[in-house]
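Asker: Below you will find the structure I want to go over with you.
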Amino acid sequence: MTLRDLLIYVGNHPESVVLYFAILPIAALLLAWIAGVEGRNSPWNYLYSAIIYLSAVPGIFALSLNVYIFLFERGSIMNLDVYTQLLPILSMILTLGIVRRNVDLSYVPGFGKLSGLLMLIGATIGLMWLVDRTRIYAIVSMPFSVVILVFVVLMLVLRFGYRQTFGRGHRS
């Protein structure tokens with residue numbers, strides 16, 4: 001089974017996917033109601049962390065997949081599968097918004113690592129897109145110092161994202 005086969009199967013049988021991504025914002029609302037102002041304290045902050053990861057991992061995957069399809073495969077937005085490519089992103093945004101409204105995300109364990117991972121993925125996709133779009137004639141017509149500057153900036157963003165994800169010394 002390929003990833004395409006899996007996405008087609010999930011698109012044809014969306015009941016469990018819709019249920020999963022509907023439960024996450026509802027669980028965030030329920031947790032906010034139960035925890036109240038104590039949401040930043042343990043064990044509530046760990047429950048918030050679990051809800052965030054359960055929504056963000058598929059959401060980040062869907063976002064990365066969409067960027068890949070639209071930038072590299074040159075896919076049409078009209079072929080977007082709502083259940084596998086749009087619903088995870090909407091659920092992630094809604095869940096993060098609900099959690100952020102009820103608790104400061106700096107108190108949620110692991111959130112710094114997640115935002116660093118998102119930045120790392122974004123910088124990597126940006127670098128891949130730049131390499132894909134750059135042709136020999138584009139490099140020749142562009143000053144070499146600009147190419148080096150763009151490369152250095154992307155590497156710094158990658159390094160910052162890597163430190164946010166795997167580094168030590170900051171709260172997460």
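Asker: Just to confirm a number: summing +1 for Lys and Arg and -1 for Asp and Glu over residues other than L29 whose beta-carbon lies under 14 angstrom from that of L29, what do you get?
Answerer: Charge balance near L29 sits at +2.
Asker: Using mean Cβ contacts within 10 Å as the protection proxy, how do 59-65, 28-34, 38-44 order, highest first?
Answerer: Working: 59-65: 18.7, 28-34: 16.0, 38-44: 14.1.
Top of the packing list down: 59-65, 28-34, 38-44.
Asker: With every protein chain left in place, what is the accessible area per residue of the chain in square angstrom, probe 1.4 Å? Walk me through the intermediate numbers first.
Answerer: On the way: 11030 Å² over 172 residues.
That works out to 64 Å² for each residue.
Asker: Calculate the all-directions average of the projected area of the stretch 1-114's alpha-carbon convex hull, and give it in nm².
Answerer: Working: hull surface 31.4 nm².
Dividing the Cα hull surface by four gives the mean projection, 7.9 nm².
Asker: If you take the charge dipole of the stretch 23-154 about its Cα centre, with +1 on Lys and Arg Cβ and -1 on Asp and Glu Cβ, which of W44, A32, F61 is farthest toward its positive end?
Answerer: Going by the charge dipole, the pick is F61.
Asker: Among 80-86, 128-134, how do they line up by average Cβ neighbours within 10 Å per residue, starting with the highest? Don't skip to the end; give the middle numbers.
Answerer: Working: 80-86: 16.0, 128-134: 12.0.
Ranked by mean Cβ neighbours within 10 Å, highest first: 80-86, 128-134.
Asker: Taking the Cα atoms only, what angle lies between the long axis of helix 3-12 and the longest principal axis of the chain, rounded to 10 degrees?
Answerer: The helix 3-12 is inclined about 50 degrees to the chain.
Asker: By how many degrees, 0 to 90 and rounded to 10, does the Cα axis of helix 15-35 deviate from the longest principal axis of the chain?
Answerer: The angle comes out near 60 degrees.
Asker: Here is a follow-up. Angle check, please: helix 44-71 long axis (alpha carbons) against the longest principal axis of the chain (alpha carbons), in degrees 0 to 90, nearest 10.
Answerer: With rounding to tens, the tilt is 30 degrees.
Asker: Report in % the part of the accessible area of the stretch 1-157 that belongs to carbon and sulfur, leaving out ligands and nucleic acids; probe 1.4 Å.
Answerer: Details: 7140 of 9700 Å².
Summing carbon and sulfur atoms, their accessible area is 74 percent of the total for the stretch 1-157.
Asker: Could you work out [θ]222 nm for the chain from helices alone, using -39500 (n - 2.57) per DSSP H run of at least four and dividing by all its residues? Round to the nearest 500 deg cm²/dmol.
Answerer: Working: 7 runs with 127 residues, N = 172.
Per the formula, -25000 deg cm²/dmol.
The values are calculated or read from the model by the stated rules, or taken from the named source; none is laboratory data. These numbers come from a predicted model, not from an experiment. Virtual Cβ from ideal backbone geometry, glycine too; neighbours counted across all protein chains shown. Side chains are part of the model used for accessible areas, which takes the heavy atoms of the whole protein and leaves out ligands, DNA and RNA. Shrake-Rupley method; radii C 1.70, N 1.55, O 1.52, S 1.80 Å.
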